[in-house]
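Novice: Provided herewith is a single structure, encoded as structure tokens, for subsequent inquiry.
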Amino acid sequence: MAFKMSKKDWNKIINFARAREDETGDEIGGMAVVNKVEDDYVISEPVILKQETTGATCTLDKEALADYYIRMAKKHGKDVNFMWWHSHAKMGAFWSGTDTNTMTEYKSGNWSMFLVVNVYEQYKFRVQIWSPFEAHIDTELQII
């Protein structure tokens, strides 16, 4: 099993981060779709949603997020998964206390995925298991 993302989708996330950092110096975040393809999970269609940002936080609008989930479920079916991603602008790619607190807001189903990037294309990628017990692993994301 591997977690994969196309170079085009990876570049889209990095370009979102660079554009926001150039404009305001703030972080930016969004969501992406995750589909199982054979034995792998393929992350695609990264988007930004309405949000509030600062140099150290980005908070997605709850209504925009709910609308996004509905649209993607209609497009991809009820078995679709999601990944929350966000940037740390020019800071390192690490899990801040704010990040780990935010992760619990996405606690649904058996597991979730999270990605933090910076403008230098450094990243951390996490798979978080929620059930039947809580555990996580920071693992490689294959850019294809």
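Novice: Picking from Glu121, Glu63, which residue would you name as being in a loop (DSSP other than H, G, I, E, B), at pLDDT 90 or above and of a type in the set (Asp, Glu)?
Specialist: Within the list Glu121, Glu63, the selection yields Glu121.
Novice: Sort out which residues of region 106-137 are of a type in the set (Asp, Glu) and loosely packed, with under 13 Cβ neighbours inside 10 Å, and write them in order of number.
Specialist: Glu134
Novice: Sort out which residues of region 113-133 are closer than 13 Å to Phe3 by Cβ and among the aromatic types (Phe, Trp, Tyr), and write them in order of number.
Specialist: Of the residues in region 113-133, the ones closer than 13 Å to Phe3 by Cβ are 113-115, 123-128.
Hits for region 113-133 are Phe114, Tyr123, Phe125.
Novice: Same structure again: Tally the residues that are open to solvent by 100 Å² or more (accessible area, probe 1.4 Å), closer than 23 Å to Ala2 by Cβ and in contact with a helix residue (DSSP H, G or I) (Cβ under 8 Å, 6 or more places away or on another chain), restricting the search to region 35-79.
Specialist: Going through region 35-79 one residue at a time, the tally reaches 0.
Novice: Name the one entry in Lys78, Lys90, Lys107 that is of a type in the set (Lys, Arg), under 23 Å from Arg20 (Cβ atoms) and over 12 Å from the mean Cα position of the chain (by Cα).
Specialist: One residue alone meets the criteria, Lys90.
Novice: For Met1, all conditions in the list (1) under 24 Å from Trp130 (Cα atoms); (2) surrounded by 12 or more Cβ atoms within 10 Å (Cβ to Cβ); (3) of a type in the set (A, V, I, L, M) hold save one; what is the number of the exception?
Specialist: For Met1, the exception is condition (2).
Novice: Shifting gears a bit: Sort out which residues of region 89-104 are open to solvent by less than 30 Å² (accessible area, probe 1.4 Å) and either within 13 Å of Phe114 (Cα to Cα) or outside any loop (DSSP other than H, G, I, E, B) (or both), and write them in order of number.
Specialist: Result: Ala93, Ser96, Asp99, Thr102, Met103.
Novice: Let me ask you something else. Do you know which of the residues in region 13-60 that are assigned to a loop (DSSP other than H, G, I, E, B) and on the phi > 0 side of the Ramachandran plot is modelled with the highest pLDDT?
Specialist: Glu38
The values are calculated or read from the model by the stated rules, or taken from the named source; none is laboratory data. Bear in mind the structure is a predicted one, so any value in this text is a computation, not a measurement. Here the Cβ is made from the backbone with ideal geometry for all residues, glycine too, and neighbour counts use every protein chain on show. What goes into the accessible areas is simple: the full protein's heavy atoms, side chains included, and nothing from ligands, DNA or RNA. Shrake-Rupley method; radii C 1.70, N 1.55, O 1.52, S 1.80 Å.
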